[in-house]
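Engineer: Structure in structure tokens, see below.
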Amino acid sequence: MLRKYCALIRNCDLGDLGKRKEKITERKEGLAEKALKRRTGWSLPRHAFDTLMTLYQIVTALLLVVPAYYFYTTLTRSKTPLSTEQSEKKAEEEPKTIMQPPRDDLEPPKDDPFTLEQLREFDGSDPSKPIYVSIKGTVFDVSRKRETYGPGGSYNIFAGKDGSKGLGLSSLKAEDAIPDYSTLPDTEKTVLNDWHSFFTKRYNIVGRVIDLPPAVANLSSNL
Ligand code: HEM
């Protein structure tokens with residue numbers, strides 16, 4: 001059918017078409033050979049010339065495909081959501097907050113007894129003395145952060161005392177910085193416990209308060 005159609009329209013058959021195509025290709029290759037000879041002076045044997053042309057085509061294709069592949073993978077990689085496992089790993093590697101990281105150079109905890117009255121000496125007003133903060137009766141040495149807990153520091157309100165209730169309430173009010181946290185709801189007790197844990201991992205424990213108010217005296221500071 002196709003042969004008939006072709007013969008009718010162009011007065012030729014498919015054999016003719018094939019031959020014409022071959023001729024055109026040969027002519028093109030002949031011209032390319034001539035151009036090569038003219039520009040470089042090389043006259044290559046036919047098979048060497050064919051190989052060279054094939055190599056040229058492969059290299060051209062690679063030059064297009066490789067950058068396109070890199071571009072595609074870079075785009076898709078940045079958009080692919082991380083698996084839960086990957087996200088957890090990333091979260092572990094990265095610091096979660098702007099807070100100071102836990103320390104691995106802490107000394108073994110001490111159990112020296114302090115009264116609330118004695119604790120007041122260590123509020124940072126005397127530069128020759130350390131600064132202590134008590135949380136749920138556990139006394140931490142925060143002298144390392146004198147600028148934070150010393151006079152004028154953001155958290156000086158907690159220095160030289162047990163201000164557990166204020167920590168649980170996330171309050172910097174003087175009237176909240178008291179040891180009796182017994183009235184706090186569970187959510188705020190959890191906040192307080194988190195602070196205890198935070199300080200335990202960052203500051204040396206130098207003792208414990210022995211005269212906490214009765215409402216909290218017998219509650220464990222352990223989490
Ligand atoms: C706008 C409100 C607040 C901001 C922007 C803020 C910011 C900060 C920052 C940046 C730190 C890290 C400081 C450092 O590592 O030196 C920090 C630590 C801390 N914040 Fe706050 N804070 C705020 C409110 C509070 C409140 C209401 C409390 C009361 C409980 C509080 C208690 C603390 C404590 C105890 C630390 C630990 C300091 C340490 O490293 O020993 N903060 N805060």
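Engineer: Checking the structure you have, find out if any residue of the stretch 150-161 is assigned by TED's automatic domain parsing to the domain that holds His196, more than 14 Å from the ligand (Cβ to nearest atom) and at negative phi.
Structural biologist: yes
Engineer: While we're looking at this one, here's another question. In the set Val142, Val191, which member is under 21 Å from Pro102 (Cα atoms), β-branched (Val, Ile, Thr) and out of contact with any Gly (no Cβ under 6 Å at 6 or more places or on another chain)? Before you say what the answer is, go through the steps one by one.
Structural biologist: Working: Val191 fails: out of contact with any Gly (no Cβ under 6 Å at 6 or more places or on another chain).
Of Val142, Val191, the one residue that is under 21 Å from Pro102 (Cα atoms), β-branched (Val, Ile, Thr) and out of contact with any Gly (no Cβ under 6 Å at 6 or more places or on another chain) is Val142.
Engineer: Can you list the helices (runs of 4 or more DSSP H) lying wholly within the stretch 148-223 that have 2 or more residues being surrounded by fewer than 17 Cβ atoms within 10 Å (Cβ to Cβ)? Let's see the steps before the verdict.
Structural biologist: Numbers: elements: 164-169, 186-200, 214-217.
In the stretch 148-223, 186-200, 214-217 are the helices (runs of 4 or more DSSP H) which contain 2 or more residues that are surrounded by fewer than 17 Cβ atoms within 10 Å (Cβ to Cβ).
The values are calculated or read from the model by the stated rules, or taken from the named source; none is laboratory data. It should be emphasised that the depicted structure is a prediction, and the values quoted were computed from it without experimental measurement. FYI the Cβ positions are ideal-geometry reconstructions off the backbone, even for glycines, and counts take in every protein chain you see.
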